[in-house]
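Since every read-out is calculated from the coordinates, none of them should be taken as a lab result. The structure presented is a predicted model; accordingly, all values stated were derived computationally and were not measured. Counting neighbours? That spans all protein chains shown, and the Cβs are built from the backbone with ideal geometry, glycine included.
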Amino acid sequence: MAEQDLASLLAPLPPSPIEGNADVDARACTEGEDNQYKEEVSATQANRLWDFRGHGGFKRDSRGVHRRDWIMSEEDLKDELIKWMRTQKRLTVKDVQNYINQWLFASEIGDLSTLLSYQVNLPVSMSTTHSWMIALGCKYEQATKSFYTDGHEEKVVVVYRGKYIDVKRKLALRQPLWVRVQRDTLTPEELQRLDGIKGPAEDFCAEDESVYKVYAREGKEWVLQGVRGIRKRNEGPGEMVSAFQDERHGFGLPLTDDVLQAVNARRKEKGKEDLTRSPDLRFLQHGKNKDGYWGYDEFKEQIEDVLDVLDVFSVMRDLMP
């Protein structure tokens, strides 16, 4: 008896007189001598009743935000594509397109039902591949280093940096601001005061190194879900330059022939080799089979050479009338 009641309850209702009209459906559910539903129901309730009896469940509500199904709703395809993209050292839309057409959908060629159900046509175009990459979390953004090359942010360095900046700020007060002017524009009083200046009590020099590669990477790259591929350190032959900049003499510490001879004369007294050019710019063809690599010893040697030049400049400044 219970089985018969359940079967009669789940039996589909007769078709609506006007299909798709909720108001008519509601009346059809309530009118008639033999209808067990004698009370009025809303159109929404009627629609749900028709859905449940006709389909054994409720249709998905299409209102509001709705994520449409697409080919990457298939978790196995999605996971396989993301896994492959993460293994690529350099990701491009063209490479992803080739992988999708030649490998990812290779097993689907025999049975196109899955692809057709998502309205996917082969071969997948570049624009479609680009849209899929964005939907999977890829971003095309500025390329940055993905490995550590120095200890700039080590704890001891950060602590020392705070002390160093404070000291430099105080020393900067002893460094007059030098402005280039024409002597014929100055008054006699200004000329007298200018000629009496022997120079700042402190000279500040800054040094930095840069490496220039023949096959340097482009400025941007694809990043998948916030994860970028490890970039190879070898980008072809490179040349490194270590350069000093002096607040008084400018970039590269330019030397005249007379000054260079004076510097070599002082270096000869110390048993050092002659310089052939300004030591403020030091170039290095870095590599195992080339000039080697820049390290502490090379940096120390450059600093000593620069100090020899600044020493001569200091003597020449003191000899000025």
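Could you give the length gained by full extension between Lys155 and Ala43, i.e. 0.36 nm per residue of separation minus their alpha carbon distance, to one decimal place?
Details: separation 112, 0.36 × 112 = 40.32 nm, distance 6.91 nm.
Length gained between Lys155 and Ala43: 33.4 nm.
Go ahead and run the numbers for FRET between Ala106 and Lys139, Cβ-Cβ distance against an R0 of 22 Å, rounding to 0.05.
0.20
Testing the spin-label approximation: label points 7 Å from Cα along Cα→Cβ at Arg169 and Asp195. State their distance in nm.
4.0 nm
Taking H placed 1.01 Å from N in the peptide plane, check which residues at least 5 places from Gly287 or on another chain put their amide H under 5 Å from its amide H.
Gly292, Tyr293
In segment 239-276, which residues have a backbone nitrogen under 13 Å from the label point lying 7 Å from Glu298's Cα in the Cα-to-Cβ direction?
239-243
For the pairs Lys89/Lys220; Lys268/Lys288; Lys268/Lys300; Lys83/Lys139; Lys220/Lys288; Lys94/Lys139, flag any whose C-alpha to C-alpha distance is greater than 23 Å. If you can, show how the numbers build up before the last one.
Working: Lys89/Lys220 13 Å; Lys268/Lys288 32 Å; Lys268/Lys300 19 Å; Lys83/Lys139 16 Å; Lys220/Lys288 29 Å; Lys94/Lys139 15 Å.
Where the Cα-Cα span goes over 23 Å, the pairs concerned are Lys268/Lys288; Lys220/Lys288.
Could you list Cys205, Cys138 so that the one with the fewest beta carbons within 10 Å of its beta carbon is first and the one with the most is last? Display every interim value, and only then the final one.
Working: Cys205 16, Cys138 20.
Listed from fewest to most nearby Cβ atoms, that is Cys205, Cys138.
Expressed as a whole number of Å, what is the distance separating the alpha-carbon centroids of segment 102-117 and segment 249-299?
66 Å
So if R0 is 56 Å, what FRET efficiency would Asp208 and Gln119 give, r being the distance between their Cβ atoms, rounded to the nearest 0.05?
Values: r = 56 Å, r/R0 = 1.00.
Efficiency computed from Cβ-Cβ geometry: 0.50.
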